[in-house]
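Note sheet for the following structure.
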Amino acid sequence: MSVHQPQAPQQNTGEAPESAYLRYLPSIFQQDPFLQRFLLIFESVLRPLERTVDNLSLYTEPELAPESFVPWLAHWVSIALDSAWPIDRQRALIANAVEIYRWRGTRYGLKLHLWAYSGVEPLIQEYQGGFVLGRDNALGWTTQVLRSQANSLLFIVTVPTTNLRSLDPQVLRSIIEEDKPAHATYRLRVVRARVAAVAHRPPIAPPPQRNHI
């Protein structure tokens with residue numbers, strides 16, 4: 001017959017948790033038991049705040065900030081966000097807002113603003129005589145065979161996309177109206193394109209000198 005022996009209670013060493021703040025005190029105070037317990041009170045309050053400050057970049061980077069924080073970041077760069085924009089395009093607009101302001105009224109600035117909304121690099125074609133192909137002149141998108149009078153104040157914006165329903169022409173027009181020079185006129189074309197033909201990267205860096213549309 002076995003007799004159950006009661007277990008002896010675990011002895012409490014009496015050692016209190018040590019505050020990390022003790023290392024900021026002179027060594028003579030670091031051995032004080034009262035200070036160890038007293039500093040834990042402040043540490044329990046300040047630690048969460050310290051973690052927030054340590055991760056501040058997660059709140060100030062448009063690509064990383066929580067979605068609920070994005071409208072607050074927009075106020076930093078004086079942008080009124082359109083809730084109809086997908087959240088990833090709102091982030092792109094905030095991230096490029098300063099550059100868009102800097103180059104407003106130029107081909108590059110308009111391209112960057114349109115890219116922020118559409119996610120694709122648009123083609124901006126100024127009037128040129130004759131049949132021209134180049135970076136902003138794509139066969140089947142911006143070329144047509146007809147006779148037209150020369151208009152040096154006219155430019156044509158072509159936005160290629162794989163899904164025509166993903167873009168709102170009214171939003172595109174509002175962007176162009178906001179960024180274009182007051183004296184210029186434009187035409188907008190949204191065309192369907194193959195995936196391989198659409199450039200999703202941001203527009204190339206601006207030229208050394210600002211060239212207006």
Top-ranked residue in the stretch 1-30 [being in a loop (DSSP other than H, G, I, E, B) and surrounded by 10 or more Cβ atoms within 10 Å (Cβ to Cβ); ranked as modelled with the lowest pLDDT]: 16
Residue identified as without any contact (Cβ under 8 Å) to a residue 60 or more places away in the chain, surrounded by 16 or more Cβ atoms within 10 Å (Cβ to Cβ) and either within 21 Å of the chain's Cα centre (by Cα) or not assigned by TED's automatic domain parsing to the domain that holds residue 161 (or both) among 65, 80: 65
Test: residue in the stretch 27-43 that is touching a Lys or Arg at 6+ places or on another chain (Cβ under 9 Å) and farther than 19 Å from residue 117 by Cα: yes
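The values are calculated or read from the model by the stated rules, or taken from the named source; none is laboratory data. Everything numeric here is computed off the predicted structure, so don't read it as measured data. So basically every Cβ, Gly included, is an ideal-geometry build from the backbone, and we count neighbours across all protein chains shown.
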